[in-house]
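Student: This is the structure I want to talk about, given as structure tokens.
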Amino acid sequence: MWIGFLLIIISLIRIPSVVIAMRNEKKIVAGGGTEYGNLNSKVLFVLQNLIYLSCIVYAFIYDVQFNVLTVIGLVVYVFALCCLIYVIRKLSPFWTYKLYIARDHKLVQSSLFRLVRHPNYYLNIIPELIGFALISQAWPVFVPLFILHLITLFNRINLEEKVMKQTFTQY
């Protein structure tokens, strides 16, 4: 049963990122920034939270026990959080959960962004959700929701690619 509580605690670790994203979003909107893919962002938000909630409920219902998958999941989750912190620091005032282009938007071309296109998605979100699934071992609920999330996420990535190419000639 304590795995369920562990999942609640590690999901609450994301609260500061929500606060940062909302603060940045308000500044971008106030500065005349443009949002793209609003519906896609909403679907991503719902699916990601459904994954968290479903995995937590599963862990409580099935009294998931601590094992090697828990350890692997925690390692993957910590890696994902480290990547999130890096991405937030590099994107700074432009980092949000939604797809915005600020009027004063700057293209970030740090080493990680040159090496991995969209590190927030590939090194944070996807590993974070997989880590959560490994900890909860909630495969019956995780897999279908994760597939839907991936479809929506890849749609978001394609849209972001299009917007970035239109916005930045050096992209």
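Student: Here are several values of mean projected area of the Cα convex hull in nm²: [x] 15.3; [y] 9.5; [z] 10.6. Which one was derived from the coordinates shown?
Tutor: From the options [x] 15.3; [y] 9.5; [z] 10.6, the structure gives [y].
Student: I'd like the per residue volume of the convex hull spanned by the Cα atoms of the range 99-155, given in cubic angstrom.
Tutor: Once divided by residue count, the hull of the range 99-155 is 97 Å³.
Student: Still on this structure, please answer the following. Once the whole set of protein chains is in place, how much accessible area is left on residue 9, using a 1.4 Å probe, in Å² to the nearest 10?
Tutor: 100
Student: Continuing with the same structure: Identify the trypsin sites (Lys or Arg not before Pro) of the range 1-89 meeting these criteria: DSSP loop state and at most 16 other C-beta atoms within 10 Å of the C-beta.
Tutor: For trypsin sites (Lys or Arg not before Pro) across the range 1-89 that sit outside H, G, I, E and B with at most 16 neighbouring Cβ atoms in 10 Å, the list reads 14.
Student: Each label point is 7 Å from the Cα along the Cα-to-Cβ direction; what then is the distance between the points at residue 85 and residue 57, in nm?
Tutor: About 3.3 nm, to one decimal.
Student: Counting pairs of alpha carbon atoms under 8 Å apart in space and at least six apart in sequence, what relative contact order in percent does the range 47-139 give?
Tutor: Relative contact order of the range 47-139: 54 percent.
Student: Based on the Kirkwood radius over alpha-carbon pairs, what is the Stokes-Einstein translational diffusion coefficient of the range 38-80 at 20 °C with 1.002 mPa s viscosity, in µm²/s?
Tutor: Taking Rh from Cα pairs, D becomes 178 µm²/s.
Student: Scan the range 2-68 for chymotrypsin sites (Phe, Trp or Tyr not before Pro) in coil per DSSP, keeping those whose Cβ has at most 13 other Cβ atoms within 10 Å, and list them by number. Walk me through the numbers before you get to the answer.
Tutor: Details: sites: 2, 5, 36, 45, 52, 58, 60, 62, 66; in loops: 62, 66.
Here the sparse-neighbourhood loop sites are 66.
Student: Applying the Karplus parametrisation 6.51 cos²θ - 1.76 cosθ + 1.60 with θ = phi - 60° to the phi angles of the range 58-65, what ³J(HN,Hα) value in whole Hz is obtained for each residue in order, glycine and proline being reported as x?
Tutor: 4, 4, 6, 4, 9, 6, 4, 9
Student: Tell me the label-point distance for the pair residue 164, residue 68, using the 7 Å Cα-to-Cβ offset, in nm and rounded to one decimal.
Tutor: Between residue 164 and residue 68, the simple spin-label model gives 3.7 nm.
Student: Among residues other than residue 38 whose Cβ falls under 13 Å from its Cβ, what is the net charge (Lys/Arg +1, Asp/Glu -1)?
Tutor: Around residue 38, the charge tally is +1.
The values are calculated or read from the model by the stated rules, or taken from the named source; none is laboratory data. Bear in mind the structure is a predicted one, so any value in this text is a computation, not a measurement. Glycine gets a Cβ as well: all are built from the backbone with ideal geometry, and neighbour counts include every protein chain shown. Only protein heavy atoms, including side chains, enter the accessible area calculation; ligands, DNA and RNA are left aside. Shrake-Rupley method; radii C 1.70, N 1.55, O 1.52, S 1.80 Å.
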